[in-house]
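Report on the following structure.
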Ligand SMILES: [Zn+2]
């Protein structure tokens, strides 16, 4: 029977948590559910990776501003990855 897993997140659900997850401002339950999802989802792991890289790169400024259009580009990338059925990490590097 189903229902043994308390929290089952969809990819979109994970994306909405990603910045909080990196900020460490999710609950332990949410964190566990996100990590479980990431283990099985290459798309979300790749997205988490790139978001994390961006945050690390901008972390020297204590207050940083996401560039305008950042979210749009991220969402476009996510949607392209989903539609193409391949993870962003498998796209050829320029
Ligand atoms: Zn996912």
How many residues does the range 18-48 hold that are within 11 Å of the ligand (Cβ to nearest atom), at pLDDT 90 or above and not in a loop (DSSP other than H, G, I, E, B)? 11
Condition set surrounded by fewer than 12 Cβ atoms within 10 Å (Cβ to Cβ) and within 16 Å of the ligand (Cβ to nearest atom), scope the range 1-11, selection modelled with the highest pLDDT: answer is 10
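The values are calculated or read from the model by the stated rules, or taken from the named source; none is laboratory data. Note that the structure is a prediction, hence the values are computed from the model and not measured. FYI the Cβ positions are ideal-geometry reconstructions off the backbone, even for glycines, and counts take in every protein chain you see.
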